[in-house]
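To keep things clear, I will list the structure first and then write my remarks on it.
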Amino acid sequence: MQATIVIVCCSLVLGLIGTHVQFVRDLRRALSSAVSVAPTAKVVSRLGVLFDNPHRSDAPLAVVAHGWCLYDPKFYSLLVALLHERGYKVAFLSYQRNYLPFGIVARFVRQLRTLLDEFGSPEVIVGHSGGAATAIAATLALPANERPGQLLLLTPGDGGDAEGRSVIPLLRLHWARPPEGLPGHTPTEVRVVTASDDAVVGSVVAKRIIEHLKRWPEHFLSSHTEIVPKSGTRLGHLFPMAGAQIADAPAILRHMLGDAAEIPPAAACDALEKCLDLIKPSRSTLATERFPS
């Protein structure tokens, strides 16, 4: 009996190690592939991929936090292009190292601090799904002087379903009271966006985030926007990934990405434009000037 237990435990450990190794290989392959097809991109150690703005050498920084296991920058090529059009350079953070949720928020915090040291404070973090939940949890863990000025959270999810039941506990948002803000510190603006036809997570997590942030109006200004698709079209949970290139995606992701590939690109582009319009432009983004994508 004991020998059987040992064999089972060893098999589980070896399976986890094998899965982790394969995940890391897939991640490295995805980052290298993204750089090979984007002339302005470069892999940044410990962070992910930095997409310099092809139109501006002094572009402000926007951060993209991908959804759970959606670590390939090519999945978000439309979002990156639209951010470029608005004058940003884009850091695509590879905050996930395996299929387990442990250490995600702490790693995200470390990456934000590395960005702060090497590239300056990001003007906005755009998070999708699990990346949106991770971004807000990491922001709550930062002192006031290190928080980004704005967060745009697209269809945030934390591993539950549209009714709030936990299906796979990928992320649990562990809330803690933020530290006291600095005198005169500007609150972080948090814009939460849901799709009316999102059958994956609905608006449960979005409403939970809004209610939570209302406790600290001195730290956060939050709002909720619902995107309603035009008649005859659909958006759903994955609209920020419309047009995702799935040919070289891991098999475990292809079914989900197939749903994204079926979203009409024009409808998704229109929805993403409305989402990005929620970002308050600063002087450095030259809001009045738009660049071709």
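The values are calculated or read from the model by the stated rules, or taken from the named source; none is laboratory data. Nothing here was measured: the structure is a model prediction, and the numbers come from that model. Ideal geometry is used to build each Cβ from the backbone, glycine not excepted, and the neighbour counts take in all protein chains shown.
Structure data summary
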{"quantity": "Failed item in (1) over 24 Å from V205 (Cβ atoms); (2) touching a His at 6+ places or on another chain (Cβ under 8 Å); (3) free of Cβ contacts under 8 Å to residues at least 60 places away in the same chain, with L116 passing the rest", "calculated": "(2)"}
{"quantity": "Boolean, G127 is at pLDDT below 90 and closer than 16 Å to A195 by Cβ", "calculated": "no"}
{"quantity": "Qualifying residue in segment 247-265 (condition: closer than 19 Å to V64 by Cα, surrounded by 15 or more Cβ atoms within 10 Å (Cβ to Cβ) and modelled with pLDDT of 85 or more)", "calculated": "no"}
{"quantity": "Residue, modelled with the lowest pLDDT, within segment 144-170, restricted to residues that are buried (at least 23 other Cβ atoms within 10 Å of the Cβ) and not aliphatic (A, V, I, L, M)", "calculated": "D158"}
{"quantity": "Residue within segment 181-192 that is modelled with pLDDT under 55 and under 28 Å from E273 (Cα atoms) present", "calculated": "no"}
{"quantity": "Verdict on S32 being over 17 Å from L152 (Cβ atoms) and either modelled with pLDDT under 55 or under 16 Å from the mean Cα position of the chain (by Cα) (or both)", "calculated": "yes"}
